[in-house]
Every structure is written in structure tokens, then in C-alpha cells.
1. Looking at 60, 111 in this structure, which one is over 25 Å from residue 145 (Cα atoms), touching a residue at least 40 places away in the same chain (Cβ under 8 Å), surrounded by fewer than 16 Cβ atoms within 10 Å (Cβ to Cβ) and touching a helix residue (DSSP H, G or I) at 6+ places or on another chain (Cβ under 7 Å)?
2. Regarding residue 77, is this residue part of a helix (DSSP H, G or I), in contact (Cβ under 8 Å) with a residue 12 or more places away in the chain, touching a strand residue (DSSP E or B) at 6+ places or on another chain (Cβ under 8 Å) and closer than 29 Å to residue 58 by Cβ?
3. Do we find a residue being over 20 Å from the mean Cα position of the chain (by Cα), closer than 16 Å to residue 53 by Cα and not in a helix (DSSP H, G or I) anywhere in the range 102-125?
């Protein structure tokens, strides 16, 4: 049996961290999807788009800003916004100062979806992260993840 060198040991730990982050992400997304479907009738992806628009000034975001906030490609966001428009939760408005720009504007019905889903969203995050770790540990984890994200540069 070959002894682990510090480099190979560290590499194994890095891979384990990646695997654990991947499992955590998968399970959280699945749990949030189920809880949000039950609470307000939308999955996590649509909820996050609505929540982003709802939290913006004047309840509107340019589609380019929304794609960045939702971590979606422009085409994936366009399809998602199409579904939200069809449900009457979002409307599209042209930008008065830039003919190429389009805003996604949340409707009162869309705000209602966010209000109904927010307690479930917060409950899941609190029970899976907030209640399990003290504030210092959560801040340290946030700092570590922010540093890792920054090292990847703009995506």
C-alpha cells in the first residue's frame, strides 16, 4: 500500500469538498423545488427569477441583469421569462432609453407567488444551514465560498 503524500492527501480532500458541495447543492435544490411547488406552485428556478425581480428597485430588471442574477444564459432566461409571462406573473417592457433593452416587470400576481413561497424558502434554508451552524461558522463558510468564487473570475 502506498502512503499518501501531503499533495495527494490535499488533492483527495479537495475532491471530497467538491463532492460534498455537489451533493449539498443537489439535495437543497431538490428540497427547495418540492417545498416551493407545494407552497406557491413554482420550482426553485422560477421562484429565484421572481424573487430577483421583486427585490429590485421598481420591481423590474433588465433581462441582461436578470440573466446574471439568476446565473442563466440569455436563451435559458428568455424561455423561463416566457413561462412567467404566460402565467401572468411577469410582463416585458421595452427600455425607453435603449431600444435593444427589455425589462422583466413583476406583476401583482407574481408578487403574490413570491409572498407565498418565501416562508418555505426561508424555512428550508434555516433548517438546513441556519439552525445547524453558529453565526461565526456561517460567516467563515460564506467567506471561503466567496474566495473560491472570486478565484474563478467572471463567468
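1. Every option except 111 fails the conditions.
2. no
3. Yes, there is a match, as at least one residue in the range 102-125 is over 20 Å from the mean Cα position of the chain (by Cα), closer than 16 Å to residue 53 by Cα and not in a helix (DSSP H, G or I).
The numbers here are math on the coordinates, done by the rules we state, and not lab data. On a predicted model such as this, the values are computed, not experimentally measured, just so you know. FYI the Cβ positions are ideal-geometry reconstructions off the backbone, even for glycines, and counts take in every protein chain you see.
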